[in-house]
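The values are calculated or read from the model by the stated rules, or taken from the named source; none is laboratory data. This one's a predicted model, so the numbers in the text were calculated from it and none came from an experiment. As a convention, Cβ positions derive from the backbone with ideal geometry for all residues, glycine included, and neighbour counts pool all protein chains shown. With ligands, DNA and RNA removed, areas are computed over all heavy atoms of the protein, side chains included. Shrake-Rupley method; radii C 1.70, N 1.55, O 1.52, S 1.80 Å.
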Amino acid sequence: MKKIGYTALWLLCCLGFPVCAQKAPFRPVFTNMTEFGISLGQVRYNVNLATENVEKRQTITAQTFNGVQLRPKLAVGGTVGIDWYTTALLMPVCAGLRYDLAQPGKKNLRVFTSLDTGYGFAWLHEDPTGYETRGGWVISPGLGFRIGRPQNANFILSLSYKRQEAEADKPLMGNDIYKHETRVYNRIAFRLGLSF
């Protein structure tokens, strides 16, 4: 009788507590985000000593982030891109972070933030005779959406700010001794892409 009583008590205790299975530990995996889009901004420049113009500019931008998903919400890696400005073609090579703002789960829409910082090179830029264009430091924070299941390929929509520095030496004319430009490209980039 005591055995039946202990067995019944044990069964009641087991039924009263939820059963929890062990969760498999997270393993770091490769991750990729490839995006294409348009960057928007305004440019102020001098036509001559007395006239200054401000123009709106729309240019093409593309980038790919390749890294390791260290945690369910955090990925660390490198970003390589190409930004075509009206007067320069620059290739930013950056260290990058991607962080999901919401807890990863089975949701089909997730919000993420991004941060890329590094140096933009003028490797692909072709200068006219007498000109020399050089790249500079770049920083690009952003916010985006991933659409699709976490374990599958996802569609990406992102919005980011990009600050790209560059320099250019120009040919001398007339009484010029030195002709040097320091440029700062401030752009808002809208991109579409895929993530896996």
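So for 157, 192, what's the accessible-area order with a 1.4 Å probe, most first?
192, 157
What is the spin-label model distance, in nm, from residue 80 to residue 95 if the labels are put 7 Å beyond Cα along the C-beta direction?
According to this spin-label approximation, the distance is 1.9 nm.
Sticking with the crude label model, points 7 Å out along Cα→Cβ, report the distance from residue 66 to residue 119 in nm, one decimal please.
Spacing of the two 7 Å Cα→Cβ label points: 2.0 nm.
From zero outward in steps of 10 Å, how is the percent of C-alpha pairs of the range 67-196 spread across the bins?
12, 36, 25, 15, 7, 3, 1
Output the peptides 120-130, 158-168 sorted from most to least packed, where packing is the average of other Cβ atoms within 10 Å over each peptide's residues.
So the order, starting with the most tightly packed, is 158-168, 120-130.
Measuring from label point to label point, each 7 Å out along Cα→Cβ, what is the residue 52 to residue 177 span in nm?
2.5
If you take the beta carbon distance between residue 30 and residue 186 as r and set R0 to 41 Å, what does 1/(1 + (r/R0)^6) give as a FRET efficiency, to the nearest 0.05?
0.80
With viscosity set to 0.692 mPa s at 37 °C, what whole-number translational diffusion coefficient in µm²/s follows for the range 145-196 from Stokes-Einstein and a Kirkwood radius over Cα pairs?
224
Fully extended, how many nm does the chain gain between residue 131 and residue 73 (0.36 nm per residue separation, minus their Cα-Cα distance)?
Working it through step by step, the gained length comes to 16.4 nm.
Report, in whole Å, the centroid distance computed from the Cα atoms of the range 68-95 and the range 130-150.
Computed from Cα coordinates, the inter-centre distance equals 5 Å.
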